[in-house]
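To start, the structure under review is shown below, and the notes come after it.
The values are calculated or read from the model by the stated rules, or taken from the named source; none is laboratory data. From a predicted model like this one, the values you see are computed outputs, not experimental measurements. Using ideal geometry, Cβ is built from the backbone for each residue, glycine included, and neighbour counts are taken over all protein chains shown.
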Amino acid sequence: MSGLYARESRSVSTMAHLRFFPQAVVGGSGAYLTGDDGRKLLDFAASWGAASLGHSHPALREAVNRALSDQAGASYLSTANEPSVLLAEKLLSLVPERARGRVWFGHSGSDANETVARMVVAATGRPRILAFNGAYHGGTVGSMAVSGHPAQQGARAKGLTLVPYPNSYAAGSPEAAKDAALAHLETLFATEIPPQEVAAFFIEPIQSDGGMLVPPDGFFKHVEALCRTHGILIVSDEVKVGLGRSGRFNAFEHCDIEPDIVVFGKGLGGGLPVSAVVGPEAILNHAVAFSLQTVHGNPVCAAAALAVLQTIERDHLVANAGRTGRMLREALDRLAARHPLIGDVRGRGLALGVELVADGAPAARQTALTVYRAFQLGLVLYYVGVNSNVLEFTPPLTLTKAEAQEGVAILDQALADVAAGRVDEALLADFAGW
Ligand code: PMP
């Protein structure tokens, strides 16, 4: 996305949304960031889910420091250094049997999904890929090519077909959303797309950047059955909601399905750049030929990822995400009863979304103002959704009950200020969402 920062500012980048965070941060600890003026900011975005252990976690710091000194001579050109071998073994133990073959390491969710997109087509000889409207699988050309988010319209692949992700809130009920989405898929196969030409279906077990949409019960079970009938590989993009965030280790476990390929990123490195694709040998062998990157599988990032996985296990952070997430969700439900702007509260574990609506329409401006006001009051929140009107809650997995309560209290105030017109709208002058 952006690496460009304006000369006159320490914080304004080309990413439109960073106007809502007009401050550089100089450090952080746990769920808090420290601004360059010493201000503490409670981080409910956790770097879009990357700071899975929070900021400056001792286990991560120690692992990285150790890898930097002990592994300095290890090869960066291959993945055969000890931390990356251990990491690969660990990841293989965390996926279903059918995905337990090989591991490819990358640096971001984008390069991982891009690699998968290339290898499934190469390995199966099938030219088509299915993905969902609203799905964000990355910001590189190859990952945008298999995405359905409005931010990525420019780069779609010729062989890509997008299908609707069931939206229970928009459809009025989970059943209606499920029936419509499945009917669409079945009609598509019957009339437009020969299913035997489809290599893979990219799915998100919770569609996060598309609006934190939770699929209706049984939806993905049907999708899985269709894919099995037609020999279509299921790729579960766990980049944002995986690794415990949903209250289960893999988010697809909520859907009772077994994907063929699992993609990890973001929180895997706890903030360091490392991603992983885990899948069958016959498919992943093609990745090696197509995507060799100089420092992938480097020992420092691999050590960071191992520390993240070990800490998640040792500190029972999956259970914490479930428990603290339920509490946060209940508190947000209580806010919804008092703030007419809140149309829906949804999500799983510490992957939650609050959709803002006004007069029955998406309230993108109010969402942006809420994000900005929350920042002024000391809470970092981010918005998602194809209509830019869903507040996303992806705090560190270490979040405590007290921190959850503090964040909700700030949000309560921010929503009240927005509703009362107390937030300066000047920053929205040329705002157009995404
Ligand atoms: N997949 C999902 C589900 C994501 O949410 C994102 C980022 N928002 C990506 C892939 C891309 O990851 P990255 O930004 O690390 O390239």
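Here is how the numbers come out for the structure above:
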{"read-out": "The one condition in (1) in a loop (DSSP other than H, G, I, E, B); (2) within 16 Å of the ligand (Cβ to nearest atom) that residue 118 fails to fulfil", "value": "(1)"}
{"read-out": "Considering residues of region 121-139 that are assigned to a loop (DSSP other than H, G, I, E, B) and touching a His at 6+ places or on another chain (Cβ under 7 Å) only, the residue farthest from the ligand (Cβ to nearest atom)", "value": "134"}
{"read-out": "The lone exception for residue 193 - which of (1) aliphatic (A, V, I, L, M); (2) within 25 Å of residue 168 (Cβ to Cβ); (3) more than 21 Å from the chain's Cα centre (by Cα) it fails", "value": "(2)"}
{"read-out": "Whichever residue in region 121-154 is β-branched (Val, Ile, Thr) and within 22 Å of residue 205 (Cβ to Cβ) and, among such residues, is surrounded by the most Cβ atoms within 10 Å (Cβ to Cβ)", "value": "146"}
{"read-out": "Residue list for region 29-64, filter: modelled with pLDDT of 95 or more, under 17 Å from residue 269 (Cβ atoms) and surrounded by fewer than 21 Cβ atoms within 10 Å (Cβ to Cβ)", "value": "56, 58, 59, 61, 62, 64"}
{"read-out": "Check on residue 103, part of a loop (DSSP other than H, G, I, E, B), under 21 Å from residue 266 (Cα atoms) and of a type in the set (A, V, I, L, M, F, W, C)", "value": "no"}
{"read-out": "Qualifying residue in region 97-118 (condition: at pLDDT below 95, more than 24 Å from residue 309 (Cβ to Cβ) and in contact with an Asp or Glu (Cβ under 9 Å, 6 or more places away or on another chain))", "value": "no"}
{"read-out": "Candidate set from region 87-100 (those that are part of a helix (DSSP H, G or I) and touching a Leu at 6+ places or on another chain (Cβ under 6 Å)); member that is farthest from the ligand (Cβ to nearest atom)", "value": "90"}
{"read-out": "Residues located in region 273-319, provided they are under 16 Å from residue 114 (Cα atoms) and in a helix (DSSP H, G or I)", "value": "283, 284, 285, 286, 287, 288, 289, 290"}
{"read-out": "Residue that is nearest to the ligand (Cβ to nearest atom) [pool: residues in region 29-57 that are part of a strand (DSSP E or B) and touching a residue at least 40 places away in the same chain (Cβ under 8 Å)]", "value": "43"}
{"read-out": "Condition check for residue 385: of a type in the set (Gly, Ala, Ser) and over 20 Å from residue 241 (Cα atoms)", "value": "no"}
{"read-out": "Strands (runs of 3 or more DSSP E) lying entirely in region 153-272 (those with 1 or more residues that are within 12 Å of the ligand (Cβ to nearest atom) and either in contact (Cβ under 8 Å) with a residue 60 or more places away in the chain or not assigned by TED's automatic domain parsing to the domain that holds residue 324 (or both))", "value": "198-203, 233-237, 261-264"}
{"read-out": "Criterion (in a loop (DSSP other than H, G, I, E, B) and within 16 Å of the ligand (Cβ to nearest atom)) met by exactly one of 148, 142", "value": "148"}
{"read-out": "Members of region 276-315 found to be touching a strand residue (DSSP E or B) at 6+ places or on another chain (Cβ under 8 Å) and closer than 13 Å to residue 107 by Cα, listed by number", "value": "276, 277, 291, 293, 296, 297, 300, 301, 302, 304, 305"}
{"read-out": "Failed item, numbered, when residue 332 is tested on (1) under 30 Å from residue 115 (Cα atoms); (2) touching a residue at least 12 places away in the same chain (Cβ under 8 Å); (3) of a type in the set (A, V, I, L, M)", "value": "(1)"}
{"read-out": "Which listed residue, of 198, 263, 278, 274, is more than 23 Å from residue 91 (Cα to Cα) and at pLDDT 95 or above", "value": "198"}
